[in-house]
Amino acid sequence: MNPANKKILIADDDNSIRLVLSQAFTRLGYQVRATGNVTTLMKWVSEGEGDLIITDVMMPDENVFNVLPRIRKDRPKLPVIVMSAQNTLLTAVNAADAGAFEYLSKPFDLDEVTAAARRAMSRPLDSEASKAQARALKDERLPLIGRSAPMQEVYRTIARLVGADLTVLILGESGSGKELVARALHDLGRRRDGKFVVINLAAVPRERVEAELFGRGEGDLGKLVEADGGTLFLDEIGDMPLDAQSRLLRVIDGAEPAVNPKTGRPPNVRLIAATNRDLRGLIRQGLFREDLFFRLNVAPLRLPPLRDRTEDIPDLARSFLLRAAREGLPAKTIDQSALERLKTHNWPGNVRELENLIRRICALYAEEQITARIVERELQEQAPVVAGEEGPVTLSALIERHLASYFADQPEGLPPPGLYDRILEEVERPLIRLTLAATRGNQVRAADILGLNRNTLRKKIVDLGVELTRGKR
């Protein structure tokens, strides 16, 4: 591509932005025309000028989203890059819905703009793919909040994926909002009139996972059939037992036909999976099937932890305050000192930890304004004991800390039924696995160390899905 043969039309009401972009693209050898209004831009477009448009959304005389359909109709091969300081998921999805080639947030990275421009002019715009992209829900109460650079990348990825109907694998730490992303992909996509069905594989006892997914018979058809025509969200896919992984793979590949008895056809389901675990590490340990990983990892989407986007904390905190007030908790405001203190916390529980903190403060404190003193007090109450300050951390303390975090992660503070067995299983599995590794797979010695009958140990190995590997000296 010879830049000298390409002309870029720039539209922005900020003269300094027009100057920066014009100089950058001129230095790269492109022809450039710049304007501060949509009227002039549309005149150039109607006259056949330009090989690319770079434009702000909010212009003095028009919202660019209103004219993008006309540009697509009159000049379908002309790509448009839109930029906006209104850095929300709705803006990104509206940009895709209107047919923009790319959406970039302000303030922008100049290298990112020039790279997007090269991509736009190196291939024609696929109008059919563009039409298949996101359809915006006209609802400002979208679930994802944040204007930071990491969230802008998330928004752009969602905008590209909502209409594609691809299998998506969402990666992110606990509490970072993986289910919110999955729901946004469903609610904004072509399956939004179908069901959004969730199965949390970390909360279902291992022996019941297959029945939950594929049904128990006698009218219980399972989550897969329930999601027919919609989306099946497999949360914490890294916790799925190997036998259920094998069966899911057979169903995906068509080797084991699954039929919806109501239609007589296989269920038509979009799969979205999520995990906070390292699936490649689980594959190396023999705990996750590599072939299933490749089926699920068609379109990966990585969510940033809250500590990597602390500039979003004020917007999140205020949103959670409004939500708490709508749900009947006392209405409160938060001052700047409190927001600054929130920004310095590490947030191991991510966005969910922040929301739970805000709700707890609303419920427990009489003050109408949340100050740094209140935030500090609550964060200290939740801080774990550090080894060396009050003696070494015991196993009991570590388990208590884990359980406190687990309870805090639950949407309403209460986990699903069966918690006792799930927690015992979580402790038993690594205990037995490490003991077997230490005895180099000798079950007689392992049973003696554990204080178990050998037959009991053998049964637990099978029930818990413990892989029998020989330890190395």
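Scan 129, 116, 96 and give me the residue that is crowded, with 19+ Cβ neighbours inside 10 Å, at pLDDT below 85 and more than 25 Å from residue 320 (Cβ to Cβ).
On the way: 129 fails: crowded, with 19+ Cβ neighbours inside 10 Å; 116 fails: at pLDDT below 85.
Going through 129, 116, 96 in turn, the sole match is 96.
When you scan segment 253-269, do you find a residue that is among the aliphatic types (A, V, I, L, M) and within 22 Å of the chain's Cα centre (by Cα), even just one?
Within segment 253-269, the subset among the aliphatic types (A, V, I, L, M) is 255, 258-259, 269.
Those left that are additionally within 22 Å of the chain's Cα centre (by Cα): 269.
Taking every residue of segment 253-269 in turn, at least one turns out to be among the aliphatic types (A, V, I, L, M) and within 22 Å of the chain's Cα centre (by Cα).
How many residues are more than 21 Å from residue 208 (Cβ to Cβ) and at pLDDT below 80 when one looks only at segment 412-439?
4
Considering every residue within segment 225-232, establish whether at least one is surrounded by fewer than 20 Cβ atoms within 10 Å (Cβ to Cβ), within 15 Å of the chain's Cα centre (by Cα) and outside the structural domain of residue 92 (by TED's automatic domain parsing).
Looking for residues that are surrounded by fewer than 20 Cβ atoms within 10 Å (Cβ to Cβ), within 15 Å of the chain's Cα centre (by Cα) and outside the structural domain of residue 92 (by TED's automatic domain parsing), one finds none in segment 225-232, hence no.
Checking residue 366 against (1) hydrophobic (A, V, I, L, M, F, W, C); (2) part of a helix (DSSP H, G or I); (3) exposed (fewer than 15 other Cβ atoms within 10 Å of the Cβ), which test does it fail?
Of the numbered conditions (1) hydrophobic (A, V, I, L, M, F, W, C); (2) part of a helix (DSSP H, G or I); (3) exposed (fewer than 15 other Cβ atoms within 10 Å of the Cβ), the odd one out for residue 366 is (2).
Condition first: of a type in the set (Lys, Arg), surrounded by 15 or more Cβ atoms within 10 Å (Cβ to Cβ) and over 34 Å from the mean Cα position of the chain (by Cα). Can you find one or more residues in segment 26-41 that meet it?
yes
Restricting the search to segment 162-173, which residues are modelled with pLDDT under 90 and either at positive phi or not β-branched (Val, Ile, Thr) (or both)?
163, 164, 165
Identify all residues within segment 245-268 that are among the aliphatic types (A, V, I, L, M) and at pLDDT 90 or above; write none if there are none.
Residues satisfying the conditions are 248, 249.
Among the residues of segment 248-257, are any in contact with a Phe, Trp or Tyr (Cβ under 7 Å, 6 or more places away or on another chain) and either in contact (Cβ under 8 Å) with a residue 24 or more places away in the chain or surrounded by fewer than 18 Cβ atoms within 10 Å (Cβ to Cβ) (or both)?
Looking through segment 248-257, none of the residues is in contact with a Phe, Trp or Tyr (Cβ under 7 Å, 6 or more places away or on another chain) and either in contact (Cβ under 8 Å) with a residue 24 or more places away in the chain or surrounded by fewer than 18 Cβ atoms within 10 Å (Cβ to Cβ) (or both).
I'd like to check something: does segment 330-337 contain any residue that is crowded, with 17+ Cβ neighbours inside 10 Å and in a loop (DSSP other than H, G, I, E, B)?
Yes, some residue in segment 330-337 is crowded, with 17+ Cβ neighbours inside 10 Å and in a loop (DSSP other than H, G, I, E, B).
Could you tell me which numbered condition residue 304 fails, if it satisfies all but one of (1) within 17 Å of the chain's Cα centre (by Cα); (2) in a helix (DSSP H, G or I); (3) of a type outside the set (A, V, I, L, M); (4) buried (at least 17 other Cβ atoms within 10 Å of the Cβ)?
Going through the list (1) within 17 Å of the chain's Cα centre (by Cα); (2) in a helix (DSSP H, G or I); (3) of a type outside the set (A, V, I, L, M); (4) buried (at least 17 other Cβ atoms within 10 Å of the Cβ), residue 304 breaks only (2).
Name every residue in segment 240-270 that is in a loop (DSSP other than H, G, I, E, B) and among the acidic types (Asp, Glu), in order of residue number.
Selection gives 256 alone.
Residue check: is residue 376 free of Cβ contacts under 8 Å to residues at least 40 places away in the same chain, assigned to a loop (DSSP other than H, G, I, E, B), outside the structural domain of residue 275 (by TED's automatic domain parsing) and charged (D, E, K, R)?
So residue 376 fails the test.
Kindly indicate whether residue 164 is of a type in the set (A, V, I, L, M, F, W, C), under 19 Å from residue 227 (Cβ atoms) and surrounded by fewer than 19 Cβ atoms within 10 Å (Cβ to Cβ).
Yes; evaluated as a whole, the condition is true for this residue.
Select from segment 26-45 the residues that are in contact with a helix residue (DSSP H, G or I) (Cβ under 7 Å, 6 or more places away or on another chain) and part of a helix (DSSP H, G or I) and write down the one among them that is farthest from residue 64 (Cα to Cα).
Here the residue is 45.
If you take the residues of segment 269-289 that are surrounded by 16 or more Cβ atoms within 10 Å (Cβ to Cβ) and polar (S, T, N, Q), which of them is modelled with the highest pLDDT?
Checking each candidate, the answer is 275.
The values are calculated or read from the model by the stated rules, or taken from the named source; none is laboratory data. All values derive from a computational prediction rather than experimental measurement. Methodologically, a virtual Cβ is constructed for each residue, glycine included, from the backbone with ideal geometry; neighbour enumeration extends over all protein chains shown.
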